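Enquirer: The following block contains the structure, expressed as structure tokens.
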């Protein structure tokens, strides 16, 4: 009998529709709102109405061809599997790596249940910022479905927003992507850091009744801005923040993408690079921003620095985080 241990690694991402098909987009929107209803008031009839409208809008928009988000998540899982395969503890551990989603298939709940008899499970919350709708979903599910003694074999990896190594990774990613621009450092060259917006106050002017991740987002944005501002290896004399808001249910984070674009229009910049630091993978909220900004700033050259996506550097970073969790589960150093 083999003494190998089997560890499941589940990359739990949001999940998006991979095509413009109506039914796929409806299901993704509906599941997103069902999860949201666990922490805020979203009546079922409103969930249906919003989902129908969202799916129809994407179906009728010829520019929307489906999101790359899920494909990238699968590539991230493959990259991490490759790193883990090279460091399998001299064959002592077999790693079973999955990409799973909260709003599309396969669901993270299915992946957790399918691997619950493994010797251990490591769940990665695939969002830089923690809130009730990212890692909060994972923790609530585990609390509902596992006995306390079972949880000793489960680790949830989150808190990327405050990890200095992650900040350095993002900064290095920006510098590497800017190496071939041949632009000198100038105030005419701007870097626009994009973050997922969140509610600041609800429709009654009160703080939201759930954990939005506002403080974490603001802290992450400030630390990355400071780090890049002190780095002379890129051409961006201006580093600005913009929040990608949904603008429903109350007041959202500022400055919004549109507000920052208006500031840039009056600033004299000639080149703007977009980097969605608040996302691990490009998707519907990021891939169309370049063309939107081109319409707002027709005289500027607009470029996009992709998200970390499935880059080898990001795979290596995730491997380091997973290795710590595996060591804790196995009560022995890994690798």
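Quick note: the coordinates plus some simple rules give every number you see, no bench work behind them. Because the structure is predicted, anything quoted here is derived from the model rather than measured.
Enquirer: Compute the long axis of helix 22-36 from its Cα atoms, compare it with the longest principal axis of the Cα atoms of the chain, and write down the angle in degrees, 0 to 90, nearest 10.
Expert: Approximately 80 degrees, to the nearest ten.
Enquirer: May I pose another question? For a test of the definition: using alpha carbon positions, the gyration tensor, and the 1.5 limit on a/c, classify segment 145-252 as rounded, prolate or oblate.
Expert: oblate
Enquirer: Which of rounded, prolate or oblate describes segment 89-216 when judged by the alpha-carbon gyration tensor and an a/c cut-off of 1.5?
Expert: In terms of gyration-tensor shape, oblate.
Enquirer: Another one. Using only Cα atoms, find the angle between the long axis of helix 312-330 and the longest principal axis of the chain, and express it within 0 to 90 degrees, rounded to the nearest 10.
Expert: 30
Enquirer: In whole Å, how far is the Cα centre of segment 291-335 from that of segment 160-180?
Expert: 9
Enquirer: Shape of the chain from its Cα gyration tensor (a ≥ b ≥ c, root eigenvalues): rounded if a/c is under 1.5, otherwise prolate when a/b > b/c, or oblate?
Expert: Taking the square roots of the gyration eigenvalues as a ≥ b ≥ c, the chain is oblate.
Enquirer: Okay, next question. Looking at the chain only, what percent of DSSP beta bridges run antiparallel? Nearest 5 please.
Expert: About 5 percent, rounded to the nearest 5.
Enquirer: Antiparallel DSSP bridges in segment 194-335: what percent, to the nearest 5?
Expert: 25
Enquirer: With springs only between Cα atoms under 10 Å apart, run a GNM on the chain and tell me which of 240, 126, 40 wobbles the most.
Expert: Taking springs between Cα atoms under 10 Å, the residue moving most is 40.
Enquirer: Next question. Could you grab the relative contact order for the chain? Cα pairs under 8 Å, six or more apart, rounded to a whole percent.
Expert: Answer for the chain is 21 percent.
Enquirer: What is the Cα centroid distance between segment 251-278 and segment 33-75, reported in whole angstrom?
Expert: That distance is 25 Å.
Enquirer: Can you tell me the orientation of helix 135-145 relative to the chain, as the angle in degrees between its alpha-carbon axis and the longest Cα principal axis, to the nearest 10?
Expert: Its long axis makes an angle of about 30 degrees.
Enquirer: For the chain, what is the mean residue ellipticity at 222 nm derived from helices alone (per DSSP H run of n ≥ 4: -39500 (n - 2.57); sum divided by total residues; nearest 500 deg cm²/dmol)?
Expert: Estimated from H runs of four or more residues: -13000 deg cm²/dmol.
Enquirer: Run through the DSSP bridge list for segment 125-278 and note the antiparallel percent, rounded to the nearest 5.
Expert: 20
Enquirer: Still on this structure, please answer the following. Please report the relative contact order for segment 164-305, taking Cα pairs under 8 Å with a sequence separation of at least 6, and give it as a percent rounded to a whole number.
Expert: Once normalised by length, the contact order is 32 percent.
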